[in-house]
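Right, one structure below, let's go through it.
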Amino acid sequence: MHLDAKIPAGPLPQKWDRHRFELKLVNPANKRKYDIIVVGTGLAGASASASLAELGYNVKTFCIHDSPRRAHSIAAQGGINAAKNYPNDGDSIWRLFYDTVKGGDFRAREANVHRLAQVSNLIIDQCVAQGVPFAREYGGLLANRSFGGAQLSRTFYARGQTGQQLLLGAYSALMRQVATGKVRMFPRREMLDLVLVDGQARGIVARNLVSGDIERHEGHAVVLCTGGYGNVYFLSTNAKACNVTATFRAYKRGAFFANPCFTQIHPTCIPVHGDYQSKLTLMSESLRNDGRVWVPKTPGDKRPPSQIPEVERDYFLERKYPSFGNLVPRDVASRNAKEQCDQGKGVGETGLAVFLDFADAILRDGRAVIEKKYGNLFQMYDKITGEDPYETPMMIYPAVHYTMGGLWVDYNLMSTVDGLFVLGEANFSDHGANRLGASALMQGLADGYFVIPYTIGGYLAGTRFAEAKSDHAAFTDSVKHVQERTAALLAVNGRRTVDDFHRQLGLIMWDHCGMARTNEGLAKARTLIQELREEFWRNVRVPGSEKDFNQSLEKAGRVADFMEFAELMVIDALARQESCGGHFNEAFQTEENEARRDDANFCHVAAWEFTGDGKEPGLHKEPLVFENVHLTQRSYK
Ligand SMILES: Cc1cc2nc3c(=O)[nH]c(=O)nc-3n(C[C@H](O)[C@H](O)[C@H](O)COP(=O)(O)OP(=O)(O)OC[C@H]3O[C@@H](n4cnc5c(N)ncnc54)[C@H](O)[C@@H]3O)c2cc1C
């Protein structure tokens, strides 16, 4: 199959305008004839649902939570990027585009990234109009701070709760449409299958998580906004409910999965403290605006930080990357922290941590200023660790945070299945091999508010639809498939809990497909995953019944999907014999331990096709063409 990204012709800055003009339109009176299913109510799903309903489509929106507001987007802390250039420090749409392509280590599509930079400014206007309380300067202009991979300030924020405030804005827009009747909201539903009729996505099968009923929902198009799959590692900064089920089951119905091995490990998280921990906590990247990262120069130095004199400290990011300092991109900062710990310079009880120190900033600006900027993050750190970061440096370590891989989509955000669109973290589109901080919120809202409202119209207006009601054989087959899988999980009746398996899977992935990878480790991981999966289906214990509220059953279904998906990640990592961004294969590094790309052989998107259970997935390559940005070795020195 030829992967056609459908990138419009013409000069880069004009592609989106031209495409919007060329896309077919649905007449306002005809929009009410179309039903659109949106799965997910994070920033991508809530903004898409609200915008599509506002246009006049009938929207059915689903989420696994009791309220759309509980989507993981609510947890986003640091901010959202846009090229407004309010601080007058040299930003532009082109610079945001350039920084994002470079930050992604040249593994993203130029056209998508440029569009993202273009619409970034509209997002801020939209959110301000909704009343999102962005931080402001004294004069009233919206304030900006810096995030990694940029030498200027373009990040808009609402203290350390930007995701929450943005989601409240999108949620309000969504609920307005629920009130008008244009959106029907289905909370506590888990999509368990995608239904295809004549090769088109025409509906979903979902489980009502309260009653256990298996429901059929039909529509003319399906929009997946189901977030990322970082929880394959068990421990991550993601909300516990984040999962791969919707996208993986769509993959099994023909949607290609792109770059699944591209995972982001965030440098500043509260370190793991024990075997029974189930969640990791992010300390926002914004803290690196003022916090200085360091370790003792001498390996094994276990003195408290206050007793280590300045000359015996190594501010390793400032030393190695004088231009970007502590604000190098996440992949670079994470690898460097790991390197210091591998050399025995790690701090804290486990030696798997580095300091993030605010002493200089407090001395310079005063405690009140720091408290105003980061107060809630400091409080969170204090509550979790019992240490006061105003008095002693934070201890941080990298943790799984975001997934750049996702379902392959073309410029219209449509997958390889006609009528199946994928938005937000669930798609692979804009961040290449490494996402820059504060760019996920930008992408989710760009997709939902400003891209899908146009591109879905183009699809609907140009497509003929067969009759596909919920009693169609395709729905009946899908329901049967879902019921059989559920019954199989309950029938095992083994001795190990779902969490126990999940934790073991996570360790395999962290050890062998995490921050650093080797071919031997990946090959070993593949065998270990296969063995664990075999044991899972022989020995997992899922108590309760399918006809009831049953969280063990929910988890079991998600972990069963992770068990299969993890192998796809490993296969992808093995196929990509280069290092780029978050994918760091130790065999491919520069003399200074930076990721060494192989543009001659791997300047492509790897899109995987499901070919059957137990069969090798098929690899399709979308070549990446760089006409506007010169491919170079990334440097942040
Ligand atoms: C702690 C933390 C802090 C972050 N801070 C920032 C930041 O400051 N700036 C930034 O740009 N990015 C940040 N990110 C990343 C960003 O928050 C996410 O990438 C983004 O919010 C994802 O939005 P989304 O709409 O794609 O998915 P989500 O917000 O994850 O929403 C997924 C939705 O899908 C639903 N769902 C999932 N599976 C199913 C299913 N099978 N059936 C039905 N519904 C389903 C869920 O119920 C939910 O409604 C942060 C991430 C973390 C973990």
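The values are calculated or read from the model by the stated rules, or taken from the named source; none is laboratory data. Owing to the predicted nature of the structure, the values given are computational and were not obtained by experimental measurement. When we count neighbours, we look across all protein chains shown, and the Cβ atoms used for this are built from the backbone with ideal geometry, even at glycine. Note: accessible area is taken over every heavy atom of the protein model, side chains too, but ligands, DNA and RNA are not part of it. Shrake-Rupley method; radii C 1.70, N 1.55, O 1.52, S 1.80 Å.
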(message) Once R0 is set to 41 Å, what does the formula 1/(1 + (r/R0)^6) return for the Cβ-Cβ distance between I384 and S211, expressed as a FRET efficiency to the nearest 0.05?
(response) 0.65
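Taking N as the number of residues in the range 401-446, what is its Cα Rg relative to 2.2 N^0.38 Å? Write out the running numbers ahead of the final one.
Working: Rg = 10.3 Å, N = 46, 2.2 N^0.38 = 9.4 Å.
Here the Cα radius of gyration is 1.10 times the empirical estimate.
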(request) Quick one: which residues, 5+ away or cross-chain, put their amide H under 5 Å from the amide H of C580? H built at 1.01 Å from N. (result) N585
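Working from the pairwise distances between different alpha carbons, so that the mean of 1/r is found and then inverted, what is the range 267-400's Kirkwood radius in Å? Write down the numbers at each step before the final one.
Values: mean 1/r = 0.0670 Å⁻¹.
Kirkwood radius, the range 267-400: 14.9 Å.
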(request) Kindly provide the helix-only [θ] at 222 nm of the chain, computed as the sum of -39,500 (n - 2.57) over DSSP H runs of four or more divided by all residues, to the nearest 500 deg cm²/dmol? (result) -11500 deg cm²/dmol
(request) Leaving ligands, DNA and RNA out of it, work out the accessible area of K621 with a 1.4 Å probe and give it in Å² to the nearest 10. (result) 120 Å²
(message) At 7 Å along Cα-to-Cβ for each site, give me the label-to-label distance between N88 and N493 in nm.
(response) 7.5 nm
(request) Can you list which of the trypsin sites (Lys or Arg not before Pro) found in the range 218-297 are DSSP loop residues with at most 14 other C-beta atoms within 10 Å? (result) K240, K279, K297
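For the range 473-622, rounded, prolate or oblate, judged on the Cα gyration tensor with a ≥ b ≥ c (square roots of eigenvalues), a/c < 1.5 rounded, else prolate if a/b > b/c?
Values: a/c = 3.04, a/b = 1.82, b/c = 1.67.
Verdict is prolate for the range 473-622.
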(request) Could you go through the range 14-23 in sequence order and give the Karplus-derived ³J(HN,Hα) for each residue, using 6.51 cos²θ - 1.76 cosθ + 1.60 with θ = phi - 60°, rounded to whole Hz, and x for Gly and Pro? (result) 9, 4, 5, 4, 5, 5, 4, 5, 7, 5
(request) Enumerate the aspartates and glutamates that K372 could reach by cross-link, defined here as Cα to Cα under 14 Å, with residues fewer than 8 away along the same chain left out. (result) E137, D290
(message) Solvent-accessible area of T527, probe 1.4 Å, all protein chains present, reported in Å² to the nearest ten, please.
(response) 70 Å²
(request) List, in order, the whole-Hz ³J(HN,Hα) value for each residue of the range 116-121 obtained from phi through the Karplus relation with A = 6.51, B = -1.76, C = 1.60 and θ = phi - 60°; use x for Gly and Pro. (result) 4, 5, 4, 7, 4, 5
(request) Taking 7 Å along the Cα-to-C-beta vector as the label spot, tell me the A523-A135 distance in nanometres, rounded to one decimal. (result) 5.0 nm
(request) Anything over 22 Å Cα to Cα? Flag those among K33/K182; K15/K637; K320/K345; K102/K320; K524/K615; K102/K524, in the order listed. (result) K15/K637; K102/K524
(request) List the residues of the range 48-73 whose backbone N lies under 12 Å from a point placed 7 Å from the Cα of R184 along the Cα-to-Cβ direction. (result) 58-62
(request) Treating cross-link reach as a plain straight distance, find the lysines whose alpha-carbon is under 16 Å from the alpha-carbon of K555, omitting any fewer than eight places away in the same chain. (result) K240, K279, K547
(message) From the phi angles alone, apply the Karplus equation (6.51, -1.76, 1.60; θ = phi - 60°) to the range 303-308 and give each ³J(HN,Hα) in whole Hz, x where the residue is Gly or Pro.
(response) 5, x, x, 5, 9, 9
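Can you give the convex hull volume per residue for the Cα atoms of the range 314-374, as a whole number of Å³? Intermediate results must be reported in sequence, preceding the final value.
Working: hull volume 6.8 nm³, N = 61.
Output value, Cα hull per residue: 112 Å³.
Please identify every one of the trypsin sites (Lys or Arg not before Pro) in the range 562-617 that sits in a loop by DSSP and has no more than 12 other beta carbons within 10 Å of its own beta carbon. Mind dumping the intermediate values first?
Numbers: sites: R576, R596, R597, K615; in loops: R576, R596, R597, K615.
Qualifying residues, ordered by number: K615.
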(request) Name all residues of the range 260-296 having a backbone nitrogen under 20 Å from the label point set 7 Å from the Cα of R364 along its Cα→Cβ direction, giving them as ranges. (result) 268, 284-295
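Can you pull the semi-axes for the chain, root of five times each eigenvalue of the Cα gyration tensor, sorted largest first, whole Å? Before the final figure, lay out each step's value.
On the way: eigenvalues 274, 169, 115 Å².
Values for the chain, descending: 37, 29, 24 Å.
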(request) Report L436's accessible area, 1.4 Å probe, all protein chains in place, as a number in Å² to the nearest 10. (result) 10 Å²
(request) Taking H placed 1.01 Å from N in the peptide plane, check which residues at least 5 places from M404 or on another chain put their amide H under 5 Å from its amide H. (result) T263, Q264
(request) Along Cα→Cβ, 7 Å out, is where each label goes; now give me the distance between the ones at K24 and Q151 in nm to one decimal. (result) 4.8 nm
(message) Going by amide H atoms built from the backbone, whose H comes under 5 Å of the H on D314, apart from near neighbours?
(response) V295, K297
